[in-house]
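Q: Got a structure for you, questions after.
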Amino acid sequence: MKFPKLFIIITLFLTFTGFSYAKTCATHDEVRILVNGNNQFAFDLYKKLLTLKPQDNIFFSPFSISSALGMTYIGASGNTSSEIAKVFHFDLSDNKLNEAFYLLLKEMGEKGSGYILNIANALWGDKGYEFLSDFLNTIKTYYGGGFYEVNFRGNPEGSRIKINKWIEEKTKEKIKNLLPPESITPLTRLVITNAIYFKGKWSYPFKEENTRPMTFYAPNKKIENVPMMYQKRDFKYKEEKNFKLLELPYGDKTLSMIIILPLKKDGVSYVESNLSWDNLINIRERAKEIKVNVYIPKFKMERAYSLREPLMALGMKDAFDPKTADFSKMEPKKSLYISKIVHKAYIDVNEEGTEAAGATGVVIALKSISIKKIPEFKADHPFIYMIIHNPTGQILFMGRVIDPNI
């Protein structure tokens, strides 16, 4: 009996060096098309994750997932390719998509001050298995993806431990045991990994002496003694009918965390259902910088996701089906399918800034300015947050806080 071979996609957040870049013909307009598509996918996936655990914290990197699936898309053909393109809003031709990803990664890899942002990609292939050279070369040229041979067939458990050890080292032990036992089998032929690590200091740090315990109003309960940071300063701020938006910049303001705070303490579900990338763009364009009293809870969280179910629900089905998957641009036998997509993220927000193997930032401001009354942005109830790369508009991380203590 002939068994279909499988491969696994891992998206996570790592600390390691960038890569060298090739020539490209993509334009900045094409990069903008890619970014808009990536960010539309971010909101699509966010809303799907809500359906899995409606009352849970969420934290993930949509850019990490889009990057990993961008590499996977290179090897896809037929309906498998079409479904991936539709779900991830890949609206450019194959060559232009690769070139746009290349320019986007290059721009985000430019060093700034007050933050660290490192991105890398890698492929882990079964020793002796013949992958098409065009596939490997494209990933190396445009995505900087190194190729590492491992012995999936002869030693699947040893291969799993090797990949996990590499991940643990690169994340400075922030992410451990990403691949659980038995996730690698003798039928595994390829593991695709994307990694992004972010550590940023606030442009305007919070003073520790201003942090004090306050009540956080989670759904159906009050959480006492949550450490709440405070400062009064000029920030971009915008108040809409149902929520407030605030931008907290990092370092030289290349990156920002955007927080979307419902006006009602129980209003996060309504805001989530009506929020989109398009209306967020509109709000950011109308943002104003004014003095704001800001209260933000300290929080730390780690989240792990199996993305098979939510991606299938969004319409990416053939890639997971051994009977229909077509990855003939990876290898000509059409014998590969995706067995799982694993995603893990970590974030730590405190007075100094944010460290993330995942994080989310959004830029916000205000329409009308009151001289007499300083607006208050008090995040003492569930809120949505993002971390955005401001020069490109790319959402790197996205999530929500329902309970800052878990």
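Values quoted throughout were computed directly from the atomic coordinates according to the rules given, and no laboratory measurement underlies them. Computed from a predicted model, the values in this text were never measured in an experiment. Cβ coordinates were reconstructed from backbone atoms using ideal geometry, including for glycine residues, and neighbour counts include every protein chain displayed.
Q: Mind checking the dipole of segment 160-310: about its Cα centre, +1 per Lys or Arg Cβ, -1 per Asp or Glu Cβ, Debye to the nearest 20?
A: Using Cβ point charges on Lys, Arg, Asp and Glu, segment 160-310 gives about 260 debye.
Q: In whole percent, what relative contact order does segment 174-252 give with Cα contacts below 8 Å and a gap of six or more residues? Write out the running numbers ahead of the final one.
A: Details: 67 pairs, mean separation 21.0, N = 79.
About 27 percent, as a whole number.
Q: Shape of segment 34-131 from its Cα gyration tensor (a ≥ b ≥ c, root eigenvalues): rounded if a/c is under 1.5, otherwise prolate when a/b > b/c, or oblate?
A: Here segment 34-131 falls in the rounded category.
Q: When only C-alpha pairs under 8 Å and at least 6 residues apart count, what is the relative contact order of the chain, in percent?
A: Result for the chain is 27 percent.
Q: A further question on this structure: Rounded, prolate or oblate, given the Cα gyration tensor of segment 211-283, with a/c below 1.5 counting as rounded? Intermediate results must be reported in sequence, preceding the final value.
A: Numbers: a/c = 2.34, a/b = 1.13, b/c = 2.08.
Oblate is the answer for segment 211-283, as a/c is 1.5 or above yet b/c matches or exceeds a/b.
Q: Kindly give Rg over Rh for the chain, based on alpha-carbon atoms, with the Kirkwood expression for the hydrodynamic radius.
A: So for the chain, dividing Rg by the Kirkwood Rh gives 0.98.
Q: What does the net charge come to around residue 184 if you take all other residues with beta carbon closer than 12 Å to its beta carbon, with K and R at +1 and D and E at -1?
A: That sum, taken over residues with Cβ under 12 Å, equals +2.
Q: Right, here's the next one. Output the antiparallel fraction of DSSP beta bridges having both residues in the chain, as a percent to the nearest 5.
A: Around 75 percent antiparallel, to the nearest 5.
Q: Kindly give Rg over Rh for segment 169-219, based on alpha-carbon atoms, with the Kirkwood expression for the hydrodynamic radius.
A: On the way: Rg = 19.8 Å, Rh = 16.4 Å.
Rounded to two decimals, Rg over Rh is 1.21.
Q: Given an 8 Å cut-off on Cα distances and at least 6 residues of separation, report the relative contact order of segment 107-199 as a percent.
A: Computed value for segment 107-199: 41 percent relative contact order.
Q: Scale the Cα Rg of segment 110-203 by the rule-of-thumb value 2.2 N^0.38 Å and send over the ratio, two decimals. Walk me through the numbers before you get to the answer.
A: On the way: Rg = 15.5 Å, N = 94, 2.2 N^0.38 = 12.4 Å.
Rg over 2.2 N^0.38 Å, computed on Cα atoms: 1.25.
Q: Past 21 Å, Cα to Cα: identify those pairs from 253/291; 238/265; 127/334; 244/300; 323/344, in the order given.
A: Beyond 21 Å: 244/300; 323/344.
Q: Taking amide H atoms as placed 1.01 Å from N in the peptide plane, list the residues 5 or more away in sequence, or in a different chain, whose amide H sits under 5 Å from that of residue 231.
A: 294
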